[in-house]
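**Student:** This structure is in structure tokens; I'll ask about it shortly.
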Amino acid sequence: MTMFLMILLYIVLTIIRPQDYMPGLANVPLLIVVQVLAFASWLGSKAKTFAAPQFVLLPLFLLAMMASEVATGWFGGSIEQLRQFGPAVVAFFVLAAAASSSPRHVRTIFAVFALCTTVLALHGVDQIRHGVGWTGMPLDKDHRIRYVGIFNDPNDLGLLFVSILPMAVYLSAGGGLLRRLFWLTCAALILYGIYLTNSRGTMLAVAVIFGVYLWMKRGKLTALVFGGVGFLAMRLIKTRFQDLEASGESATGRIDAWYAGIHMFLSHPLLGVGVGNFTDYNYLTAHNSLVLVLAETGFVGYTLWLAFVGYGFWMMVNILRHQPDLDADDELGVLAWRQEQSIAFTLLLCLCGMFAAAFFLSRSYIILVYLLAAVVVGTYVGCQQRFHDLPRVSLADSWWRWPPIAMASIAVLYVIVKVLLRSA
């Protein structure tokens, strides 16, 4: 229980970040202390688990990040990567263990994420009304909302909003009228926050979430029809989405950055140009999480990262497709399985939203990615413990898939960039 409470507090501090705007906490290493306590609790907990490929892949990816710095000749950079990315690895292990305990724990994690995100959405409303939020953070120069710390960019804030939106909608599905109204209000505020960030990638990610939902619930045709209508609606609403043209200055700069990233990979194919060094070779960052990892960590790091992300999608789809061996009269078992599937569907939508937005942002290493991945992995591991016939996802059985998948994805990225460059 201590581990669970500590990791929940870690999530609160990571998102709401009082240490970044309250003067009394400015020099207090609050986040570090809480994470150390959570990790110490995890070490002594019987709930810790390693029964998923991601528990191997993430430490290996950290080693690849460190190796990418050594390959550039900066040995101190490997220690810097350990210092910067190590906390994300620790948080992943602890939160995955907490989420594996029970569906109730997962729902509690959803609630903490959704409540904290709603606070940030309310902060955005406060910014729009007064020009500055209660944290002292003003609107950006384009009148877009933002928060403090790691969410001081509107695009990062939008990425948080779109990743957590399905959780708030899920929480509104059960309970009494007041509970449903409360969580629907939270979902509406988060959705309004997405609009206030005026982030084109985030708005597109909302469309992806809605499209995937319709696809799985109503079929491909319905998803395609509503997808087309939604795209037209976003073009008509007065937002930065209206400026999304391949020939536009912003879009051209992004495409050029993707092209530059691919050439960085071609010149440093094994370990890349080093984490954090993309802008040493191009004046803009990658504006694409796949391209960023590919350019900075090479084929080794890219394959590990792609597998880490890909297994998460694979796990949630496994739960949705699996038919457990239950007796027809086992009503409690059937109900429990439906709850597991509902959670898995929610997390699949979260993953789709996050990585649809991340395709247009350089956010490969941010903590939010690994917190969501931890909930996904913990959910699958826990579900497997409760329903033993759920297929085991093993790295030993499937590692060979990822190098060819990585090579194919690089080829696809290259073709996309070439096509966009010709149309720009």
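**Student:** Divide, for the stretch 78-235, the radius of gyration over alpha carbons by 2.2 N^0.38 Å, where N is the residue count.
**Tutor:** 1.17
**Student:** By what distance, in whole Å, do the Cα atoms of the stretch 70-160 stretch along each of the three principal axes, largest value first?
**Tutor:** Reported extents, whole Å, longest axis first: 47, 44, 17.
**Student:** Among the chymotrypsin sites (Phe, Trp or Tyr not before Pro) within the stretch 86-136, which fall in a DSSP loop and have no more than 16 other Cβ atoms within 10 Å of their own Cβ?
**Tutor:** Hits after loop and neighbour filter: TRP134.
**Student:** About its Cα centre, what dipole magnitude does the stretch 108-181 give when the only charges are +1 on Lys and Arg Cβ and -1 on Asp and Glu Cβ, stated in debye to the nearest 20? Present the calculation step by step, with values, prior to reporting the outcome.
**Tutor:** On the way: 6 positive and 5 negative charges, 53 e Å.
Magnitude of the dipole: close to 260 debye.
**Student:** Rg (Å, one decimal) plus Dmax (Å, integer) for the alpha carbons of the stretch 1-69?
**Tutor:** Here Rg and the maximum Cα pair distance are 15.2, 42 Å.
**Student:** Let me ask another. Students often get this wrong: which residues of the stretch 191-207 have the backbone nitrogen under 13 Å from the point 7 angstrom along Cα-to-C-beta of VAL125?
**Tutor:** 191-194, 196
**Student:** Assuming a ≥ b ≥ c are the square roots of the Cα gyration tensor eigenvalues, decide whether the stretch 23-109 counts as rounded (a/c under 1.5), prolate (otherwise, with a/b larger than b/c) or oblate.
**Tutor:** Oblate, since a/c reaches 1.5 and b/c is not below a/b.
**Student:** Just add up the charged neighbours of GLY174: K/R +1, D/E -1, any other residue whose Cβ is under 15 Å from the Cβ of GLY174.
**Tutor:** On the way: positive: ARG104, ARG107, ARG179, ARG180, ARG338; negative: GLU340.
Result for the neighbourhood of GLY174: +4.
**Student:** For the stretch 256-377, take the alpha-carbon Rg, divide it by the Kirkwood Rh, and send me Rg/Rh.
**Tutor:** On the way: Rg = 18.7 Å, Rh = 16.1 Å.
We get a ratio of 1.16 for the stretch 256-377.
**Student:** Per the Cauchy relation, a quarter of the hull surface: what is the mean projected area of the convex hull of the alpha carbons in the chain, in nm²?
**Tutor:** Orientation-averaged projected area of the Cα hull: 22.0 nm².
**Student:** With Rg and the Kirkwood Rh both taken from Cα atoms, where does Rg over Rh land for the stretch 113-190?
**Tutor:** Dividing the radius of gyration by the Kirkwood radius yields 1.03.
**Student:** Then there's this: Can you pull the accessible area of ILE32 for me, 1.4 Å probe, Å² to the nearest 10?
**Tutor:** 110 Å²
**Student:** Of the candidates LEU390, LEU221, LEU284, which one comes out as most mobile in a Gaussian network treatment of the chain with C-alpha springs shorter than 10 Å?
**Tutor:** Fluctuation is largest for LEU221.
**Student:** Please work out whether the stretch 90-139 counts as rounded, prolate or oblate from its C-alpha gyration tensor, where a ≥ b ≥ c are the square roots of the eigenvalues and a/c under 1.5 means rounded, while otherwise a/b larger than b/c means prolate and anything else oblate? The partial results should precede the final answer.
**Tutor:** Numbers: a/c = 6.60, a/b = 2.71, b/c = 2.43.
Prolate shape, in that a/c is at least 1.5 and a/b is the bigger ratio.
The values are calculated or read from the model by the stated rules, or taken from the named source; none is laboratory data. Treat the numbers as computed from the prediction; the structure is a model and nothing was measured. Here the Cβ is made from the backbone with ideal geometry for all residues, glycine too, and neighbour counts use every protein chain on show. For the accessible areas, the whole protein counts, side chains as well, though only heavy atoms, and no ligand, DNA or RNA atoms are used. Shrake-Rupley method; radii C 1.70, N 1.55, O 1.52, S 1.80 Å.
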